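Quick note: the coordinates plus some simple rules give every number you see, no bench work behind them. Treat the numbers as computed from the prediction; the structure is a model and nothing was measured. Quick reminder, even Gly has a Cβ in these numbers, built from the backbone with ideal geometry, and neighbours come from all protein chains shown.
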Amino acid sequence: MRAAWYDRRGPAAEVLQIGTLPTPEPGPGEVRVRVHLSAISPGDTKKRGGYFDAAMPYPRVVPHSDGAGVVDAVGDGVDPARLGRRVWVWGAQSYRPFGTAAEHTVVPADLAVDLPDSVSDELGACLGIPGITAHRTVFADGPVTGTTVLVHGALGGVGSLAAQLARWGGAARVITTVRRTADLAAAADRHDGPVVALDDDPRARISALAPEGVDRVVEVSLSDNVDLDAAVLRPGGVIAAYATAQARTAIPFWPMLFDNLTLRLLGSDDFPAPARRQAVTDLTAAAAASALSVPVVEPLPLEDIADAHDLVDAGSRSRVLLTVA
């Protein structure tokens, strides 16, 4: 099968290779997916670039955890009726060496999720890492029905899906933010509801929109925004943080303590299994209900994987996909 891989970490153009690898066979409890689209997340490029400063987990890595395709083989213990079904794939390269940047990938059967007929391959390929992370940020502390949710990073992959999931989940108000005033128009095109620019007195603007405080914050840059979050949350509120600009982040401890705030840190590879299962169910249902949309770049061929990684690293606001088969 055709595939892309790297045997060492470094810049995309220097380490990514294209060639032929043996077609994998599914083991017990696994399915093989003929991949149509492979989706690239920032975490994929960080792993390839050595951002997390860890040793190569495997001698060879076929990157990317997310994708969409068709089940074309099943292992022992898997219902043969799954053959031929369209699926979206998540977690293919989480604690596993071979992801979706190949004509075939083999995953545990529950990581290949049946894709409703009404949902496109493009959207299905985009649900994995960003969608499951977004779901956890919104729902880890229970339902959001009737609440006010503040979502930072309205133009990012996780932030955009988190805002949509909060609305789908019944939040009374969803306030989103962008870094610059110049980004307001782009965010307004993607999101219903108020958008606040972080460079224009955000505390006053958020407080005017939610005078009694917000219930939950979905946080993409804890070190930059924690003082703002603490100021606009109501007592007992939650900050659900999945990223930060500074690895060692100072917090306003006493104001947060006196308001009994919860700081929840979220690492997508290690969410509890029940939370992942619920996220998969809800994401599929929300997509089928046309409650989710993800802007995508025109898919690139597998041979252009290095350019695709560079697009992600440059901060593309649209999801970057590869056409594999």
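What does the net charge come to around residue 166 if you take all other residues with beta carbon closer than 13 Å to its beta carbon, with K and R at +1 and D and E at -1?
Computed value for this residue: 0.
Using alpha carbon centroids, what distance separates the stretch 111-129 and the stretch 212-249, in Å?
Answer, in whole Å: 30.
Check which residues have an amide H placed less than 5 Å from residue 196's amide H, if you skip close sequence neighbours.
Amide H to amide H, under 5 Å and 5 or more residues apart or across chains, residue 196 pairs with 176, 177, 178.
For the chain, what are Rg and Dmax over the alpha carbons, in angstrom?
Gyration radius and largest Cα-Cα distance of the chain: 19.9, 60 Å.
Starting at the first residue of the stretch 116-122, write each ³J(HN,Hα) from the Karplus equation 6.51 cos²θ - 1.76 cosθ + 1.60 with θ = phi - 60°, in whole Hz, x for Gly and Pro.
Each residue's phi maps through the Karplus curve to give x, 4, 7, 9, 6, 4, 4 Hz.
I'd like to know how the stretch 130-269 sits against the 2.2 N^0.38 Å rule of thumb: what's its Cα Rg over that expected value?
Expressed relative to 2.2 N^0.38 Å, the Cα Rg reads 0.94.
In the stretch 180-275, which chymotrypsin sites (Phe, Trp or Tyr not before Pro) fall in coil by DSSP and have 10 or fewer other Cβ atoms within 10 Å?
none
How big is the stretch 49-174 on each of its three principal axes, counting only the C-alpha atoms and giving the largest first in Å?
Cα extents, longest axis first: 45, 41, 24 Å.
Please report the orientation-averaged projected area of the stretch 199-325, defined via the convex hull of its C-alpha atoms, in nm².
On the way: hull surface 44.9 nm².
Computing the convex hull of the Cα atoms and averaging its projections yields 11.2 nm².
Which chymotrypsin sites (Phe, Trp or Tyr not before Pro) in the stretch 1-56 sit in a loop by DSSP (not H, G, I, E or B) and have at most 13 other Cβ atoms within 10 Å of their own Cβ? Present the calculation step by step, with values, prior to reporting the outcome.
Details: sites: 5, 6, 51, 52; in loops: 51, 52.
Passing both the DSSP loop test and the Cβ count: 51, 52.
For the stretch 80-165, what does the relative contact order come out to in percent, with C-alpha contacts under 8 Å and a separation of six or more?
27 percent
Amide H neighbours of residue 237 under 5 Å, counting only residues 5+ apart in sequence or on other chains, H built in-plane at 1.01 Å?
Amide H neighbours of residue 237: 262.
Which net charge results for the neighbourhood of residue 150, defined as the other residues with beta-carbon distances under 12 angstrom from its beta-carbon, given Lys and Arg at +1 and Asp and Glu at -1?
+2
List the chymotrypsin sites (Phe, Trp or Tyr not before Pro) within the stretch 61-111 that DSSP assigns to loop and that have no more than 10 neighbouring Cβ atoms inside 10 Å.
Answer by residue number: 95.
Got a sec to turn the phi values of the stretch 176-188 into Karplus ³J(HN,Hα) couplings, 6.51 cos²θ - 1.76 cosθ + 1.60 with θ = phi - 60°, whole Hz, x for Gly and Pro?
10, 10, 10, 6, 10, 4, 4, 8, 4, 5, 4, 5, 5
Sequence-distant or interchain residues sharing an amide H contact under 5 Å with residue 94, placed H: which?
none
Just to confirm the number: angle between the C-alpha axis of helix 157-168 and the first principal axis of the chain, 0 to 90 degrees, nearest 10?
The angle comes out near 70 degrees.
Helix 222-232 sits at what angle to the longest principal axis of the chain, using alpha carbons and giving 0 to 90 degrees rounded to 10?
For 222-232 against the chain, the angle is about 40 degrees.
Give me a comma-separated list of calculated 3J(HN,Hα) values for the stretch 126-143, in order, Karplus coefficients 6.51, -1.76, 1.60 applied at θ = phi - 60°, integers in Hz, x for any Gly or Pro.
Each residue's phi maps through the Karplus curve to give 8, 7, x, 4, x, x, 5, 4, 4, 4, 5, 5, 7, 10, 4, 10, x, x Hz.
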